[in-house]
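What follows is calculated from the coordinates using simple rules that are stated; it is not laboratory data. Bear in mind that the values here come from a model prediction, so they are computed numbers and not experimental data. In this analysis, Cβ positions are derived from the backbone assuming ideal geometry, glycine residues included, and neighbour counts consider all displayed protein chains.
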Amino acid sequence: MVPMRIEREHLSPEFVRRYGLFFTEPRYVHDNSLNEFIAVTHGLKPCARVQGPFRLLGQIQELAGTMGCVVHHSRFARVRNPDNPFDYAVSPLRRHPQEEVYFYVSRDEDIARRTRDIDHEVHAPMMNRFGGGLDKERCVDFGRALGYPSCCIESFQKARRDAQCDYARVAYGNTPGKPSFLTHYLDLSMPVPFALISHYPCSFSCARSVAFADRLLAIIREEEEGYARAIEENLRVPVLYFGVGKGIRLHGNVQGGEVLYERCEVLSPQKEHKLFTRGNRVTVDDRRVRVFDRDQLLGTLTKADRYNGVIIDFT
Ligand SMILES: [Zn+2]
């Protein structure tokens, strides 16, 4: 089961008419691109990057134009790695309608163009090859261009020196007290559905990320109550996190190191994680994760380290 996605049925006809390009089939447009677009057109950030097929260029320019924004597009296309949904390469754009590109939206033409150029350098190591990885040094400049909080950029700079580069683990380690659902942005599924922020937060209670996401959600709520509700429902879910691309969304209640849940969505490729679908209770300590069906123990997972299986309570 995959996380809930934005569906036309959730939304009013006016909202769908306005933002229809974000609901085109097949679903090439990232689900959080609409939130990014709304943030930039309402002046919450200097520039937004939206991902979609090149054929949407005219539509996105037209819509952005009505909201006082301009759009530039990447001069490269994204090429998905068929063997790994988290990996992709880039190739020079041939302007084919189906090629996947990035659109840079801003109220300021210079900013849109500059962000496009920085992103080009960010992607340079990935030209014509899979597994190239982004130019992390330029990622920092890119983050600044997109208006990410400076605390989160600093934390990203530190975390990227670590070979694991698991930003969620870093954010978890930096979170004092309860995480905020407003910062729920985890590398668990591609695309990331509904996220209100597009950066790696320095912590899951980062004040600047929370303030940004809170303002954005308020704007969305004013425009479309049903969509705001769907976002909140989808983000307010406890996650049992094992690492990049490995986690389980547990729909239930957290009490200390325990989650009682009614249903779950296993987003990990690991076969042993299927176990969670048969249980209704999880307990976590520093050494192991145990899954129960009421009081019956279904299985135990031994943690490689204390972070390998942590409850992030986004409720
Ligand atoms: Zn921060």
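The gain in end-to-end length when the Asn174 to Asp305 segment is fully stretched comes to 45.5 nm, 0.36 nm per residue minus the alpha carbon separation. Of Lys45/Lys303; Lys136/Lys274; Lys158/Lys274; Lys45/Lys246; Lys45/Lys271, which ones are farther than 32 Å apart at the Cα? Flagged as over cut-off: Lys45/Lys303; Lys136/Lys274; Lys158/Lys274; Lys45/Lys271. Taking other Cβ atoms within 10 Å as a rough exposure proxy, Leu56, Leu260, Leu240 sort from fewest to most as Leu260, Leu56, Leu240.
Inter-label distance, Glu232 to Met127: 4.8 nm, where each label sits 7 Å from its Cα along the C-beta direction.
So if I place +1 on the C-beta of Lys and Arg and -1 on the C-beta of Asp and Glu, and nothing else carries charge, what would the dipole magnitude of the stretch 239-312 be about its Cα centre? I want it in debye, nearest 20.
Numbers: 13 positive and 9 negative charges, 38 e Å.
Dipole size: approximately 180 debye.
With a Förster radius of 51 Å applied to the C-beta separation of Arg287 and Arg144, the computed FRET efficiency comes to 0.80. Mean silhouette area of the chain, derived from the convex hull of its C-alpha atoms and averaged over all directions, reads 15.6 nm².
Just how many % of Cα pairs in the stretch 28-112 lie over 20 Å apart, if you round to the nearest whole percent? Present the calculation step by step, with values, prior to reporting the outcome.
On the way: 1146 of 3570 pairs.
Above the 20 Å cut-off, the stretch 28-112 has 32 percent of its Cα pairs.
Under the criterion of Cα pairs below 8 Å and six or more residues apart, the relative contact order for the chain equals 15 percent. Panel order for Leu267, Leu44, by other beta carbons found within 10 Å of each beta carbon, from fewest to most: Leu44, Leu267.
As a test of the formula, what do you get for the chain when each DSSP H run with n ≥ 4 contributes -39,500 (n - 2.57) and the sum is divided by the residue count, at 222 nm and rounded to the nearest 500 deg cm²/dmol? Spell out each step's value before the answer.
Numbers: 9 runs with 95 residues, N = 315.
Using -39500 (n - 2.57) per qualifying helix, the result is -9000 deg cm²/dmol.
For the stretch 131-246, the percent of C-alpha pairs falling in each 5 Å distance bin, counted from 0 to the bin holding the largest distance, reads 2, 11, 20, 24, 21, 13, 6, 2, 0.
Annotation: the residues Cys165, Cys152, sorted from fewest to most other C-beta atoms within 10 Å of their own C-beta, follow the order Cys165, Cys152. Loop-located trypsin sites (Lys or Arg not before Pro) in the stretch 145-175 (DSSP state not H, G, I, E or B) with no more than 15 neighbouring Cβ atoms inside 10 Å: Arg161. Model label points for Glu109 and Asn81, set 7 angstrom from Cα along the Cα-to-Cβ axis, are 3.9 nm apart.
When only Cα pairs under 8 Å and 6 or more residues apart are kept, what is the percent relative contact order across the stretch 85-166? Over the stretch 85-166, the number comes to 26 percent.
Stretched out straight at 0.36 nm per residue, the stretch from Leu297 to Asp117 would grow longer than its current Cα-Cα span by 59.4 nm. Of Asn32, Asn280, Asn84, the residue with the greatest mean-square motion in the GNM of the chain, using alpha carbon springs below 10 Å, is Asn84.
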